[in-house]
């Protein structure tokens with residue numbers, strides 16, 4: 001049980017943030033994070049060390065999340081308080097602008113198709129390597145690179161369209 005506590009302490013924030021970005025609901029992300037760690041604990045003896053432990057654990061989180069999404073088909077309403085914190089060196093005006101930009105970015109990510117959303121979250125937000133992302137998604141490294149490029153281009157166009165449609169982000 002002590003090993004479980006150590007693993008939970010080390011990886012829970014990363015798993016939670018991945019799930020939260022996929023589902024957009026705090027309570028659901030918390031529940032799915034717990035489910036991920038229960039499944040990890042039950043299947044720990046099946047981890048063979050062929051990949052990094054974190055990659056294996058994110059794969060479990062991904063499967064839990066996909067199962068949930070298939071059942072729920074949720075509407076994405078994004079709470080952003082976790083992703084914007086004021087530091088003492090920032091002005092209020094800069095913080096408001098930053099918060100609005102972050103909100104718009106996550107809003108636009110939430111509208112992408114699942115494969116684009118996953119690759120952006122894993123590569124650009126979770127900062128996983130191409131190899132780790134390929135292992136988690138079951139894709140080739142070439143496909144990860146291609147899909148990352150396509151997803152980022154789609155996101156860029158969406159963000160540009162939003163700016164043009166509504167004027168500059170304030």
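Structural remarks
- Here residue 78 meets the list (1) assigned by TED's automatic domain parsing to the domain that holds residue 139; (2) surrounded by 14 or more Cβ atoms within 10 Å (Cβ to Cβ); (3) at pLDDT below 55 almost entirely, failing just condition (1).
- Inter-residue pairs, beta-carbon under 7 Å, first free of Cβ contacts under 8 Å to residues at least 12 places away in the same chain and in the range 118-139, second assigned to a loop (DSSP other than H, G, I, E, B), 6+ apart: 134/140
The values are calculated or read from the model by the stated rules, or taken from the named source; none is laboratory data. Since the structure is predicted, the reported quantities are computational estimates derived from the model, not experimental observations. So basically every Cβ, Gly included, is an ideal-geometry build from the backbone, and we count neighbours across all protein chains shown.
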